[in-house]
Structure formats: structure tokens, C-alpha cells
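Colleague: Structure incoming, see below.
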Amino acid sequence: MRKTTVICFANNKGGSGKSTTCSNVAYSMSALGRRVLVIDGDMQMNLTLSFFDEERALEYARSGKNLYTAIKEQKDLEDFIVPTGYEGLDIIPSSTLMSGIEFELFTKWQREWILKKSLEKVRASEKYDYILIDAPPTLGCWVMNIMCASDEMIVPVEASPWGLFGLANMFEFFDQVKSIAPDLSLMGIAITKVSERKNYFRQTKETLSGWEGVRLFEHYIRVDSAVEWAQDNSKPVMVYKKNSRAAGEYTELAKEIMQYADR
Ligand SMILES: Nc1ncnc2c1ncn2[C@@H]1O[C@H](COP(=O)(O)OP(=O)(O)O)[C@@H](O)[C@H]1O
Ligand SMILES: [Mg+2]
């Protein structure tokens, strides 16, 4: 069995639930007794803001204790880890400067592998059971870095009329990355933001079920205002409202993900 599993959350469509799923699944895993590191790979800093208020998040951005600085200077990620305050859950914050990451990568030697190399020591330390990486809604060299550094990829898909639009591009991109990173696997698709009436849920599920070799997670996530309130308070939904429906759903999804990761 792998000592540490690196899992990225990717989808080139924005608003599909990457950051929300990544942060809440990570917290659930830590609450279930696992040691987890989350890495914020997006300049929007949504994952960072899921755990810290704006002032603190911007302080990490200013002080250089963030992923952008580590990648730009090709430093070991070990020195950029900060505690979230929750037991067993650490984070590497992002920075708004991440918007320039493609430019930084451009001149680097073996530019697809910078993140994997920076993560090597953390991984070898076996300090974490899971390392979860939140990707930005793009398909470029940086997302290639994120995929190349991962063992598994999870694609959150919003159950909405346009939720599936562009997903084929994403899988084409994934296949290309796999040609240089053959050990990368697609763990599955997580359907998110399912509305009360489940209109687009059925449609989304039906379409995706027809995609060969693509696993749909059994547990999906419904729309719940507790999620947004929790984010507004920089807290995981399980901490903000323990008995909310979303808290239960993210915990179930986390368990399912852990089952596949531990196989
Ligand atoms: N289960 C949910 N219930 C309610 N709102 C949600 C849920 N999941 C995500 N959202 C909201 O949808 C928006 C997009 O989610 P986010 O995780 O930021 O997507 P992405 O990271 O893919 O861009 C955010 O405003 C978030 O608060
Ligand atoms: Mg996001």
C-alpha cells in the first residue's frame, strides 16, 4: 500500500466545486483520524480562505509563505507548510501572484515536474496519509504540474445545464498528461451542487454513466446553504454546522475516496 496518496481536484470549468470539495473532504479525512496536507494551487486562494480569514490569508501571500514563492524559487515545500489549527490538517497557502505561474514555469528546465520535485521530501517523510491539491480552472503547464505530482485525480462536476460542457477537453488533456505521467489515475467524478429537485442530477448522471472507464462516486453533494455560510466564516462545514446535510455528505464522500485511495 502507498504510504502517502496525492490526490488533485481538477476541472477546467470554474464553479464546479473543486475548492469546496477539496477543503471539506480534507477536513473529513482529518476528523476520521488521518493526517492530511492540502495545497492551494489557485490564485483565487479559495482553499486558503476556507481555513483562514482574509487578513491571515493575505499575510501568507505577502510574507512569501505560499506555494507561488516555493515554485518560483524551486524550494522544498516542507518549509511552506502551515497548520490550519485543526488536528491532523496542514496547508500550503496560495497567493494572488499565482496568476503569473505560467510565466515563471516557462523558462524552467523540465517545467512539468517542478511541483512533483518540490513535494518529494514531504512525501518521503510519510508525515501525511493524503495530500490534496486544489487546481485552478485552467488547462496549462501549471495544471500539468499538479497532475504530474498526483497519484489520483478527482473531477468535481456541477449538476447543471452547462456542467458537462468542456469536460471532454479536460479528459483529452488528462490523456496527454498520462502519456508523460503513466502512474496518474482518474479516481472518479464527484457530482456536486445537486439541486433540491435533482433535475440536472439525473441528466448528468445518465450522461456520465455512458462514459467508458469513468467512475462516478456513489456519494454526491447537494446544494446546502450551510456550505456558503461555513465559507463565509472560513470554516469547514462540519465545524460550522456539524449536523448539516452537507457535513454528512462530504464525510461519506471522503470515506469513499479513502477506500479507493487505500486499495
Ligand atoms: N454543496 C454546495 N452547496 C452550496 N453551495 C456550494 C456547494 N458547493 C459549492 N458551492 C458554491 O459554489 C461556488 C463554486 O464552488 P467552488 O468550490 O469555489 O468551485 P471551483 O473551485 O470549482 O471554482 C462557491 O460559491 C461555493 O460556495
Ligand atoms: Mg476553486
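No value in this document is a laboratory result; all are computed from the given coordinates. As the structure is a prediction and not an experimental result, all values here were calculated from the model. Here Cβ is always computed from backbone atoms with ideal geometry, including for glycine, and neighbour counts include all displayed protein chains.
Colleague: Quick check: pseudo-label points 7 Å beyond the Cα along Cα→Cβ at residue 63 and residue 245, how many nm apart are they?
Modeller: 4.0 nm
Colleague: Within straight cross-link reach of residue 205, meaning Cα distance under 14 Å, which aspartates and glutamates are found once same-chain residues fewer than 8 apart are removed?
Modeller: 158, 218
Colleague: Also, I was wondering about something else. If you take every DSSP beta bridge whose two residues both sit in the stretch 1-149, what share of them, in percent to the nearest 5, is antiparallel?
Modeller: 10 percent
Colleague: What does the highest-first list of 183-189, 171-177, 9-15 look like by mean Cβ count within 10 Å?
Modeller: 9-15, 183-189, 171-177
Colleague: Continuing with the same structure: Amide H of residue 39 versus every other amide H placed in the peptide plane: which residues, excluding those fewer than 5 positions away on the same chain, fall under 5 Å?
Modeller: Under 5 Å from the amide H of residue 39: 92, 132, 133, 134.
Colleague: Order of 123, 111 from fewest to most other C-beta atoms within 10 Å?
Modeller: Ascending number of Cβ neighbours within 10 Å: 111, 123.
Colleague: A further question follows. Would you kindly state how much longer the chain becomes between residue 197 and residue 73 on full extension, computed as 0.36 nm times their sequence separation minus their alpha carbon distance, in nm to one decimal?
Modeller: 39.7 nm
Colleague: Let me ask something else about it. According to a simple spin-label model (label point 7 Å from Cα along Cα-to-Cβ), what is the distance in nm between residue 117 and residue 99?
Modeller: Distance between label points: 2.8 nm.
Colleague: Also, quick follow-up: What are the lysines whose alpha-carbon lies under 18 Å from the alpha-carbon of residue 127, with same-chain residues fewer than 8 places away excluded?
Modeller: Output for residue 127: 3, 116, 117.
Colleague: Please figure out what share of the DSSP beta bridges in the chain is antiparallel and state it in percent, rounded to the nearest 5.
Modeller: Among the beta bridges of the chain, antiparallel pairing accounts for roughly 5 percent.
Colleague: Could you order peptides 202-209, 36-43, 130-137 by the average number of other Cβ atoms within 10 Å of their residues, highest first?
Modeller: Answer by packing, highest mean first, reads 36-43, 130-137, 202-209.
Colleague: Also, quick follow-up: How long, wide and thick is the chain, going by the Cα atoms along their three principal axes, in whole angstroms, largest first?
Modeller: 49, 40, 35
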